[in-house]
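Below you'll find the structure, written out as structure tokens, and then a few comments.
The values are calculated or read from the model by the stated rules, or taken from the named source; none is laboratory data. Every value quoted in this text rests on a predicted model; they were computed, and no experiment measured them. Counting neighbours? That spans all protein chains shown, and the Cβs are built from the backbone with ideal geometry, glycine included.
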Amino acid sequence: MSSPPGRREPESVALVRAAPLQASAFAAEGMLQAGVRDERFGAEFAGQTVRAAVAAWAMAVDGDEEALAAIASPDTVYWLLNPVRKPWRVAPGPRVTRIGIAGLDVEKDPPELLFSFRFEGRMRFADSGSGQADGGAAGETIFVGVLRMTLPGSGPWQLSSGHVSTLDEHLGYVFTSRRESPAEYRERTGRGSGGAEVAGRGYLIVAGFAEHDERFGARAEIEVRRETAPTREEAEALIWPVIDEVTAAALGEGDWRPSMNWLDVIELLDEPPEA
């Protein structure tokens with residue numbers, strides 16, 4: 001998908017082109033094998049198809065639905081732009097940051113290609129003429145789009161279904177990154193856990209979780225020191241071993257499958273807060 005000569009490409013589409021694209025091991029193996037028989041299943045063709053679909057969605061969000069309507073039914077276009085049972089839609093100017101191909105199933109009739117993309121943007125509510133923030137810095141929110149394409153007969157790939165949600169909804173827990181409050185500082189230092197002279201800033205990673213089969217709920221925490229605040233992905237990687245330890249200590253060793261309800265990254269204060 002390219003802009004006509006003399007017409008500048010929208011920034012949202014340019015960001016789709018620049019976004020890193022990765023495939024899961026399962027999808028990569030499928031494209032490698034199936035691409036030998038039909039180039040439409042190959043990694044290069046599939047990657048171009050996926051980028052074009054995401055670019056068409058971005059253009060539709062910006063107000064030009066022509067490209068999206070060419071590869072999707074009116075119902076699919078509508079629900080991609082108006083998330084089910086949500087009072088909002090994505091405001092113009094989404095910034096796609098990554099694209100991932102999750103799977104390719106050539107045994108289905110018709111064959112299916114499943115992929116997702118992550119983007120940053122704002123919510124626009126039905127009762128507001130302008131973008132309205134859903135919390136976070138400057139009203140920005142991280143979203144995830146999940147799309148499915150099918151290949152009917154000898155025709156081109158068609159967008160058969162998809163949906164957009166916030167990253168919190170997609171992952172099933174709420175993530176917050178903030179500074180420690182004065183009350184939290186006094187409670188922490190009163191326990192004798194503050195004031196260590198260690199390189200980097202201190203960050204407390206805290207998660208609430210539950211093992212639903214056993215109706216067990218608890219929290220896990222770990223303190224780290226580093227130069228910058230852990231990202232959501234980094235905080236996840238650091239807290240999961242602690243969650244497993246807390247679960248095993250309470251329930252014993254077993255094939256437990258806890259799930260997170262919330263995850264906080266708290267920047268610890270180095271000095272007493274002002275009165």
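Data for the structure
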item: Those residues of region 194-213 which are more than 17 Å from L263 (Cβ to Cβ) and modelled with pLDDT of 90 or more, in sequence order; result: G202
item: Scan of region 151-190 for residues that are of a type in the set (D, E, K, R), assigned to a helix (DSSP H, G or I) and buried (at least 17 other Cβ atoms within 10 Å of the Cβ), ordered by number; result: D168, R188
item: Cβ pairs under 9 Å, 6+ apart, first in region 67-86 and touching a residue at least 12 places away in the same chain (Cβ under 8 Å), second part of a loop (DSSP other than H, G, I, E, B) and aliphatic (A, V, I, L, M); result: A67/M1
item: Matching residues in region 72-82 - criterion: being surrounded by 18 or more Cβ atoms within 10 Å (Cβ to Cβ), over 17 Å from V96 (Cβ atoms) and not polar (S, T, N, Q); result: A72, V77
item: Residue among G145, G121, G135 that alone is over 22 Å from D75 (Cβ atoms), modelled with pLDDT of 95 or more and of a type outside the set (A, V, I, L, M); result: G121
item: Failed criterion for V50 (all others in (1) buried (at least 17 other Cβ atoms within 10 Å of the Cβ); (2) touching a helix residue (DSSP H, G or I) at 6+ places or on another chain (Cβ under 9 Å); (3) not small (G, A, S) hold); result: (2)
item: All positions within region 30-62 that are more than 19 Å from L151 (Cα to Cα) and either modelled with pLDDT under 95 or touching a strand residue (DSSP E or B) at 6+ places or on another chain (Cβ under 6 Å) (or both); result: V61
item: Members of region 76-118 that are hydrophobic (A, V, I, L, M, F, W, C), part of a loop (DSSP other than H, G, I, E, B) and within 16 Å of V146 (Cβ to Cβ); result: V84
item: The lone exception for D109 - which of (1) under 18 Å from G162 (Cβ atoms); (2) free of Cβ contacts under 8 Å to residues at least 60 places away in the same chain; (3) not small (G, A, S) it fails; result: (1)
